[in-house]
1. In the Gaussian network model of the chain, springs joining C-alpha atoms below 10 Å, which of VAL54, VAL17, VAL87 carries the largest mean-square fluctuation?
2. Taking the Cα centre of the range 5-154 as the origin, how large is its charge dipole in debye, to the nearest 20, when only Lys and Arg (+1) and Asp and Glu (-1) carry charge on their Cβ atoms?
3. Can you give the convex hull volume per residue for the Cα atoms of the chain, as a whole number of Å³?
4. Rounded to the nearest 500 deg cm²/dmol, what is the calculated helix-only ellipticity per residue at 222 nm for the chain, with -39500 (n - 2.57) per DSSP H run of length n ≥ 4?
5. In terms of modelled amide H atoms, which long-range or inter-chain residues lie less than 5 Å from the amide H of CYS12?
6. For the chain, what proportion of DSSP beta bridges, expressed in % and rounded to the nearest 5, is antiparallel?
7. Run through the range 1-69 and list the trypsin sites (Lys or Arg not before Pro) located in a DSSP loop whose Cβ has at most 13 other Cβ atoms within 10 Å.
8. From the square roots a ≥ b ≥ c of the eigenvalues of the alpha-carbon gyration tensor of the range 53-105, which class results: rounded (a/c under 1.5), prolate (a/b over b/c), or oblate?
Amino acid sequence: MALTHCTPLPSCAVVAVTGRDARSFLQGQLSNDLLGLERHPGMLAAHCNRQGRVLATLRLAADSEGVLVVLHRRLAATLIGQISQYVLRADVRLEDRSDRVSVAGLMETGPDSHGPPASAVAAGLTLMVASSRRMLLVGARGALEASLASVARGTPADWDRLCIAEGEPQVQPETAALWLPQMLNLDLLGAVSFSKGCYVGQEIVARAQHLGRIKRRMLRYVGPPHAALQPGHALFSGESLAAQIVAATGDHASTQCLAVVELRYCSDLLGARPGGSEFVPADLPYAIPAPGAIDSDD
């Protein structure tokens, strides 16, 4: 019987947003609708700049003090600095708690997998549901380790492979401000609300959505093992630049990656090559809008 595997995720930071106005403040900063946060612990959202480009991808959960935000560790200080300038007179405080709060990933490895262990709930850890096969647990390092002591271990690379297979992007410093949320399929992943009202970058994101002007989308690729791919690396179709890497991970069997691709190359990517290596398209668990619906540049 397959068991739930867990792994520490040292690349993740935890930022606490506290104060009386924490929720309403974040509502005006992030792409998703935080009014549904209690119903959707682990809500996915984007933090965008004024041009609608994604600066960070976030997982959110409510706690007794406000909202917990999980994001890439190297973006935590930047997020706090960028959002803090909008606080003004609001009762909001932002704190990076990564020195004392850790993040672990729980991965469902088969059809008979168990859910999170009861000890995790009993310890009062924060549970964030990423998908039917992935969950995040957030809590004090000692309590987290104790709660997961009896769970089979995986690795951060296992987690990365599952994220890629499920088509979930993570923006890193090398790729911050490159893409609109739709280019990362965040609209297809339920990370963008088009009805909640204003947030930073909302006008650009909404215009692109309603005018159908998304000419790039994130696709998945599989290639040879141990290919040296990094976020932001280029993929080519023939001699033409066709895409940029969002995330990649490799092992002895293959390298898997997510890449934002110009949709005019969708039928011409079987020979896509970073550094000369052959990469071929692979399935995603959601449908990509047809290239025929695209009518102008983003």
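1. Taking springs between Cα atoms under 10 Å, the residue moving most is VAL87.
2. Working: 16 positive and 12 negative charges, 81 e Å.
The dipole magnitude comes to about 380 debye.
3. In the chain, the Cα hull volume divided by residue count equals 130 Å³.
4. Taking each H run of at least 4 residues, the total per residue is -4000 deg cm²/dmol.
5. When sequence neighbours closer than 5 places are left aside, the close amide H contacts are ARG73.
6. Working: 61 of 63 bridges.
Taking every DSSP beta bridge within the chain, about 95 percent pair in antiparallel fashion.
7. ARG20, ARG39, ARG50
8. Verdict is oblate for the range 53-105.
No value in this document is a laboratory result; all are computed from the given coordinates. Fair warning: this is a prediction, and the values are worked out from it, not measured in the lab. As a convention, Cβ positions derive from the backbone with ideal geometry for all residues, glycine included, and neighbour counts pool all protein chains shown.
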